[in-house]
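In what follows, a structure is listed as structure tokens, so that the remarks can point back to it.
No value in this document is a laboratory result; all are computed from the given coordinates. Values in this document were obtained by computation on a predicted structure and should not be read as measured data. Here the Cβ positions follow ideal geometry from the backbone for every residue, glycine too, while neighbour counts run over all protein chains shown.
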2 protein chains.
Amino acid sequence: MTMALDREAARALDAADPLRGKRAGFALPDGVIYLNGNSLGAAPLSAAARVGRLVRDEWARDLIGSWNVHDWIGAPQRLGARIARLIGAEADEVAIADSTSVNLYKLLVAACTARPGRKTILSEPGNFPTDLYIAQGVAATLGDRTVRTVEIDRLCDAIDADTAVVLLTHVHYKSGHMLDMAAITAAAHAQGALVLWDLSHSVGALPVDLNGCAADLAVGCGYKYLNGGPGAPAFLYVARRLQAELVSPLTGWMGHDAPFAFGDDYVPATGIARFLCGTPPILAMAALEEGLAQFDDVSFDDILTKSRTLGDHFIAMVEARCAGHDLELISPRDAARRGSHVSFAHPDAYALCQALIARGVVGDFRAPDAIRFGFTPLYTSFEDIWNAVEILERVLDERAWDRSEYRVRAAVT
Amino acid sequence: MTMALDREAARALDAADPLRGKRAGFALPDGVIYLNGNSLGAAPLSAAARVGRLVRDEWARDLIGSWNVHDWIGAPQRLGARIARLIGAEADEVAIADSTSVNLYKLLVAACTARPGRKTILSEPGNFPTDLYIAQGVAATLGDRTVRTVEIDRLCDAIDADTAVVLLTHVHYKSGHMLDMAAITAAAHAQGALVLWDLSHSVGALPVDLNGCAADLAVGCGYKYLNGGPGAPAFLYVARRLQAELVSPLTGWMGHDAPFAFGDDYVPATGIARFLCGTPPILAMAALEEGLAQFDDVSFDDILTKSRTLGDHFIAMVEARCAGHDLELISPRDAARRGSHVSFAHPDAYALCQALIARGVVGDFRAPDAIRFGFTPLYTSFEDIWNAVEILERVLDERAWDRSEYRVRAAVT
């Protein structure tokens, strides 16, 4: 069992951390302990200069010629190849495009269409809402499909000959529970179903091995642990063996086999390019590329080890120092079953979260009663989490959260 | 008939141009006559600083809190309201979201679903390819719809009781031909069909009056005459009277009635917000907002007058000075039927276009045989077009385009 750290021990862990040098690559404001990189990653220090250069030295100077001169046109695949390394995929299996939600729609429709006799999209209740919403939109569009949700511990048994696709988030957005990608994928394949993994809450914080799990399809977010900036474009993965079979419903010109031939009939491109749709968002991609560059010289073993150690120590400290304050751990205690964030339930979670933010500890609230604390291995330090628990303990001891001003709901929670 | 300008007359027109002060707001490189703002608008001078500030002073400093503090969450509607003014819409009828192609898909599916007994999406052959491709993707997804194309001069007669939606581009991407939005919309309504207008090649260069035409639906591009930057997010318009009836198939969380309640079931938001999908791309929106700011103190009469006068003079100069060189006008001669670009066919259009670009005159090639010259009223001057024709005349007289190096095709043409 992990013992609660004291400050000196936390500093010693930081001094021994092989990733300690990475923090200097990020802008982290003084006085803030940022435990919300799982929602919006911090800004790489190089990002402001990069987007400024893109505007001044590419767009403003070379104008339309930049699509060729600066290889803007290759950005979706060039960045895709960088992400492939983070998720156990081949470079030609990943592309950057659109948002996570739009990519979910593309791949769900393509998967359902490729399994025409199977009428069910299977997921779990409480999955990240946009995943369920998009699945419902797919069912509504196609007309003859149903979205079925089954509690995760019975989900594999519910996969059957009617299951077209299983839609799951690798790490649960609220609880941090990490699913067994290999086992669930195998169970789905045994029944002839496809699996679509949402990697939004794992990519960049934990190693993912899509090809090692014989995965079919995946999507993921660019602005959480990948630090691509607010609303950064997302990515999609289609296993090479499925690329010829699947066709996107969003048949935009960038997915055409010859987009500049300007013919009237859609012909899907060969390979991953057929899952592109509109003109790629070049400014946003430049920022995302700076986020991805932070992973260039990083060991994934180090990322995994640090993610788990941060979580273990955080749980141990909270439980040792904040006992008797109605905090209940809702994340798995076993680090091997947990992503890189830890959540606690609290009867007044919203106000508690606001009181912490007012004191510089930035986690977030998730309805109805959870506080999440996210640990980004590239920049969260052990001293950060020691300080965070120090402040949390004081806020609880003093009931400092129990003020009406902390109950005013903001537009974005 | 417009007489061919000489240089002094061109300068006199510039001196009298009420929009002459707007050019100073854009970065236009020395030695370049940029006649391609219809493909990628020039960079506002303020754009680099703005995106740098967004990264440094919002994302890096206020992190996740920026969604509230800097009203990132309101950006899709705030920018939508600015565009509304350019297209004759109410502020609550327009939002920024996704790409033009994705927005076309949303509105086409929503329109078809709202007209279930009608099986045809009607368009014209040679419409902008992504419009036709997306329509084909919609038909493939829905299963029971057909895309029918009819030459534009017979299109109104082809609208019938089976037409769900008429899909047309207001200004044709190649020819520059501008359609009669009011007449076609009325003809469609007389048959009970909806109309979806693609404004990509008109918005920002010509006044558009959607509400004056009783228009139903529209989409448009952010990176052409709106100068929002490469791959800028697009906009969509849904007439207020249709907003409750239509539902997007792309039911992402940002279109939910309560996105932060994190419920399992999709409930569409009231109003234009239901057509949002994923997390809005904030960096790209900041650049687009700088593009939109260039229109703040501009008269639309001035924009229209200048667009037409530039086009008329360009045609007159080319025809007077480049006769006998196989250039054939393929745009309408009548400015009232023309958008803000002028195209000529030429037997070796690709090489001619490359030779012009090598000499600083940037138009573009459109397969198989067209050269387009776009006039952006905010920054194209009369002396620009005089200089462009001067260079064009020389390239043709000297057959300077007839070199193998100008026939090497680039990835993006």
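Cross-link pairs exceeding 24 Å in C-alpha to C-alpha distance, out of A:Lys106/B:Lys174; A:Lys224/A:Lys306; A:Lys224/B:Lys106; B:Lys174/B:Lys224; B:Lys174/B:Lys306, comprise A:Lys106/B:Lys174; A:Lys224/B:Lys106. Among residues other than B:Ala135 with Cβ under 10 Å from its Cβ, the summed charge is +1 (Lys and Arg +1, Asp and Glu -1). Here the Karplus curve 6.51 cos²θ - 1.76 cosθ + 1.60, taken at θ = phi - 60°, turns the phi angles of the range A:105-120 into couplings of 4, 3, 6, 5, 5, 4, 5, 4, 5, 7, 10, x, x, 9, 10, 10 Hz, with x standing for Gly and Pro.
How large is the charge dipole for the range A:71-293, taken about the Cα centre, if only the Cβ atoms of Lys, Arg (+1) and Asp, Glu (-1) carry charge, to the nearest 20 debye?
Details: 15 positive and 23 negative charges, 26 e Å.
In debye, rounded to 20, the range A:71-293 gives about 120.
Largest GNM mean-square fluctuation among A:Asp144, A:Asp264, A:Asp209, using chain A with Cα springs under 10 Å: A:Asp264. For the segment B:204-215, counting C-beta atoms of other chains within 10 Å of every residue's C-beta and taking the mean gives 0. Taking the Cα centre of the protein assembly as shown as origin and assigning +1 to Lys and Arg Cβ atoms and -1 to Asp and Glu Cβ atoms, the resulting dipole is close to 40 debye. Amide H to amide H distances under 5 Å link A:Ala43 with A:Ala27, where only residues 5 or more positions off or on other chains count and H is placed in the peptide plane. Counting, for every residue in A:62-72, the Cβ atoms of other protein chains within 10 Å of its Cβ and taking the mean gives 6.
Distance from the Cα centroid of the range A:91-153 to that of the range B:342-411 is 46 Å (rounded to whole angstrom). Scalar couplings 3J(HN,Hα) for the range B:307-315, obtained by applying the Karplus form with A = 6.51, B = -1.76, C = 1.60 to θ = phi - 60°, are 4, 5, 5, 4, x, 4, 5, 4, 4 Hz; x denotes Gly and Pro. Where does helix A:382-397 land angle-wise versus the long Cα axis of chain A, in degrees 0 to 90, nearest 10? Compared with the principal axis, the helix lies near 60 degrees.
If you run the Gaussian network model on chain A, springs between alpha carbon atoms under 10 Å, then out of A:Leu63, A:Leu242, A:Leu304 the most flexible one is A:Leu63.
Given 37 °C and 0.692 mPa s, compute D for chain A with the Stokes-Einstein relation, Rh being the Kirkwood radius over Cα pairs; round to the nearest whole µm²/s. Before the final figure, lay out each step's value.
Values: Rh = 22.3 Å.
It diffuses with D of about 147 µm²/s by this estimate.
Going from the residue with the fewest nearby Cβ atoms within 10 Å to the one with the most, B:Ser248, A:Ser99 rank B:Ser248, A:Ser99. Averaging the Cα positions of each part gives two centres, and for the range B:215-245 and the range A:34-55 these lie 28 Å apart. Considering only B:His172, B:His256, B:His201, the Gaussian network model of chain B with Cα springs below 10 Å gives its largest mean-square fluctuation to B:His256. About the centre of its Cα atoms, the range B:305-413 shows a dipole size close to 360 debye [charges on the beta carbon of Lys, Arg (+1) and Asp, Glu (-1) only; nearest 20 debye].
Put simply, the amide H of A:His256, placed in the peptide plane, has neighbours under 5 Å in A:Ala269, leaving out anything fewer than 5 places away on its chain. Remark: label point of B:Ser404 defined 7 Å out from Cα along the Cα-Cβ vector; separations to the same position in other copies 8.3 nm, ascending. In order along the range B:265-276, phi translates into HN-Hα couplings of 10, 6, 10, x, 4, 7, x, 4, 4, 5, 9, 6 Hz, rounded to whole numbers, per the Karplus curve 6.51 cos²θ - 1.76 cosθ + 1.60 with θ = phi - 60° and x for Gly and Pro. If you sort the three axes of the alpha carbon gyration tensor as a ≥ b ≥ c, you get a/c of 1.5 or more for the range A:71-293 and a/b no higher than b/c, which makes it oblate.
Averaged over the residues of A:287-298, the number of partner chain Cβ atoms lying within 10 Å of the residue Cβ comes to 1. Taking other Cβ atoms within 10 Å as a rough exposure proxy, B:Lys306, A:Lys119, B:Lys106, A:Lys22 sort from fewest to most as A:Lys119, A:Lys22, B:Lys306, B:Lys106.
Protection proxy ranking of A:29-36, B:317-324, B:401-408, by the mean of other Cβ atoms within 10 Å over each peptide's residues and highest first, is A:29-36, B:317-324, B:401-408.
Apply the Kirkwood formula to the protein assembly as shown: the hydrodynamic radius equals the inverse of the mean of 1/r over all pairs of different alpha-carbon atoms; give it in Å with one decimal. Please list the in-between numbers first.
Values: mean 1/r = 0.0361 Å⁻¹.
When all Cα pairs of the protein assembly as shown are included, the Kirkwood radius is 27.7 Å.
Sorted shortest first, the distances from the A:Ala186 label point to those of the same residue in the other copies are 7.0 nm; each point sits 7 Å from Cα along Cα-to-Cβ.
Ellipticity at 222 nm from helices only: DSSP H runs of n ≥ 4 in chain A, each -39500 (n - 2.57), divided by the residue count, give -10500 deg cm²/dmol.
Relative to the dominant Cα principal axis of chain B, helix B:349-358 is inclined by about 80°.
Helix A:282-293 and the longest principal axis of the C-alpha atoms of chain A enclose an angle of approximately 50°. Let me make sure I get this right: for the range A:286-372, a, b and c are the square roots of the gyration tensor eigenvalues over alpha carbons, sorted descending. Under 1.5 in a/c it's rounded, otherwise prolate if a/b > b/c, else oblate. Which is it? It is oblate, given that a/c is not under 1.5 and a/b is not larger than b/c. Across the copies of the chain, A:Gly360 has label points (7 Å from Cα along Cα→Cβ) spaced 5.5 nm apart, shortest distance listed first. What is the distance in Å between the Cα centres of the range B:275-323 and the range B:167-188? Cα centroid to Cα centroid, the span is 18 Å.
Residues whose amide H comes within less than 5 Å of that of B:Cys322, counting only those at least five positions distant or on another chain, are absent (H built at 1.01 Å from N in the peptide plane).
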